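Worksheet: one structure, shown below.
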Amino acid sequence: METTATILHADLDAFYASVEQLLDPSLRGQPIAVGGGVVLAASYEAKSFGISSGMSGRRARELCPQLIFVGGHFQDYLRLGDAAINVLNDFTPFVERISIDEAFADVAGCTHLFGSPPEIARAVRRRVRAELGLPISIGVARTKHLAKIASQVAKPDGLVVVDPETELDFLHDLPVELMWGVGPVTRARLAEIGVHTIGQLAKMPGYSLEQLLGRAAGEKLTALAWNRDPRQIRTGHRAQSAGAQSALGKKPEEQVFRPTLRHLADRVASRLRAKSRPGRTVTVRVRFADLHSVTRSVTLDEPISATATLAEIAEELVRTALSDHPDEKTLSLLAISVSHLEKHWKVQLELPLELEDEKRRPGTKKGMARWTADRAVDTIRDRFGWDAVGYGSVVLGPSCSVPDEFRELAEKEL
């Protein structure tokens, strides 16, 4: 077990929004959101109003009427994300990238060249700011779990170094929601039994936590509460993913756009639920008639596996891609993939999604309606086959006319 703090977790702050403010200085200091129908990212100015990724655009506007929506520049996100990770690579070969805007790094073997881990972290932050013009927060600790928590505490645009001698004092004073896998619903459940801090969770009897959250989740959270995290940096590791695509020939976008995406989301989300592996990063690929392809992606705060939620986020990403190519009116392929999959123990913690829209949060009444519908569909398909049941928007197609009274009832339920 490591006895020194050599693990860095580097996380670009409000990345998509920060890039937009970098590209357009008039947006600096303004509450902005990337997306439209769905918020893909929000600036810190927007977050101060309670806006977060995964929230519906309508809800975001209700919280902040002066919110500015921008379409997004995904090629710039990729370029600048790669450039920031390359700064880490200049210091150590032991870098594990976990999303477009964050990575772990182990600097134990390079301190004789570049100084102590805190000095390396400061050098990384200076270079990212000077070379890219972007803020980045870094946590330095003995384990990956604690380094990630430290980077959250450091936000925005800060550095937190956790001394191994006092790491439990630091960790146990923090709120439980900073832990991986603890969202609003789990936090509320813990609050009901008087657990608000990581230290209080650490002192809970194991059987009580297992009864509340399930055995696997209880054991995992107890270990993390005591900073027991043996995971090492995995270089060259590609996150597991689930995906599906549909070749369309050459069809006008308005005829295939929504029904095809909903069919693909149905396939992908069903596989995620079957394997108990929700994922945090949603990626879509759009291929046009000339075989030119573009991809768009977003990384959410918490993993998802709900069909309707995946479909809505995918549709927003495709709309963004199409808006960047207004002259392209014919599609030849659409694809959806979900990556950065979480292990099975976290499935029981999927209820506290950081998706503020009520219907996108399985822990709410409306969210549970989606969750229940998905589980019912899965159960029927397991017994009678895939074609035994399906979602109306996929099975009936976009041309189906739904009576207003049924549409209103469905909107109330979902």
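The values are calculated or read from the model by the stated rules, or taken from the named source; none is laboratory data. All of these numbers come straight from a predicted model, not from anything done at the bench. Cβ: placed from backbone, ideal geometry, glycine included. Neighbour counts: every protein chain shown. Side chains included, ligands, DNA and RNA excluded: accessible areas come from the protein's heavy atoms. Shrake-Rupley method; radii C 1.70, N 1.55, O 1.52, S 1.80 Å.
Observations on the structure shown:
- Within the stretch 187-205, the set of residues being out of contact with any strand residue (DSSP E or B) (no Cβ under 8 Å at 6 or more places or on another chain) and under 21 Å from residue 167 (Cα atoms) comprises 195, 199, 200, 201, 202, 203, 204.
- Of all residues in the stretch 68-103 being open to solvent by less than 20 Å² (accessible area, probe 1.4 Å) and in a loop (DSSP other than H, G, I, E, B), the one that is nearest to residue 19 (Cα to Cα): 72
- Per the conditions (1) free of Cβ contacts under 8 Å to residues at least 24 places away in the same chain; (2) touching a helix residue (DSSP H, G or I) at 6+ places or on another chain (Cβ under 8 Å); (3) open to solvent by 10 Å² or more (accessible area, probe 1.4 Å), the sole criterion not satisfied by residue 132 is (1).
- Pairs, first farther than 19 Å from residue 5 by Cα and modelled with pLDDT under 90 in the stretch 168-194, second open to solvent by 40 Å² or more (accessible area, probe 1.4 Å) and assigned to a loop (DSSP other than H, G, I, E, B), C-beta under 7 Å, six or more apart: 183/354
- Verdict on residue 372 being in contact with a strand residue (DSSP E or B) (Cβ under 7 Å, 6 or more places away or on another chain) and either modelled with pLDDT of 80 or more or of a type in the set (Val, Ile, Thr) (or both): no
- Hey, residue 209 touching a residue at least 12 places away in the same chain (Cβ under 8 Å), over 23 Å from the mean Cα position of the chain (by Cα), within 21 Å of residue 153 (Cβ to Cβ) and assigned to a helix (DSSP H, G or I) or not: no
- Cβ-Cβ under 8 Å pairs, at least 6 apart or on other chains, the stretch 140-151 side free of Cβ contacts under 8 Å to residues at least 40 places away in the same chain, far side open to solvent by 10 Å² or more (accessible area, probe 1.4 Å): 149/174; 149/178
- Hits in the stretch 211-229 - residues which are charged (D, E, K, R), open to solvent by 60 Å² or more (accessible area, probe 1.4 Å) and in contact with a helix residue (DSSP H, G or I) (Cβ under 6 Å, 6 or more places away or on another chain): 220
- Residue-level analysis places residue 327 outside the set of residues that are open to solvent by 20 Å² or more (accessible area, probe 1.4 Å), part of a strand (DSSP E or B) and over 15 Å from residue 245 (Cβ atoms).
- Condition check for residue 126 on (1) closer than 22 Å to residue 43 by Cα; (2) of a type outside the set (A, V, I, L, M); (3) touching a residue at least 60 places away in the same chain (Cβ under 8 Å); (4) surrounded by fewer than 23 Cβ atoms within 10 Å (Cβ to Cβ): one failure, at (3).
- Restricting the stretch 43-53 to residues that are hydrophobic (A, V, I, L, M, F, W, C) and either touching a Phe, Trp or Tyr at 6+ places or on another chain (Cβ under 9 Å) or not in a helix (DSSP H, G or I) (or both), the residue that is nearest to residue 107 (Cα to Cα) is 51.
- Applying the criterion of being open to solvent by 50 Å² or more (accessible area, probe 1.4 Å) and without any contact (Cβ under 8 Å) to a residue 60 or more places away in the chain to the residues of the stretch 43-62, the residue that is farthest from the chain's Cα centre (by Cα) is 62.
- Check on residue 131, assigned to a helix (DSSP H, G or I) and of a type in the set (D, E, K, R): yes
- Residue match in the stretch 107-120 (condition: among the charged types (D, E, K, R) and touching a residue at least 40 places away in the same chain (Cβ under 8 Å)): no
- Tally, over the stretch 206-237, of residues that are within 26 Å of residue 166 (Cβ to Cβ) and modelled with pLDDT under 85: 2
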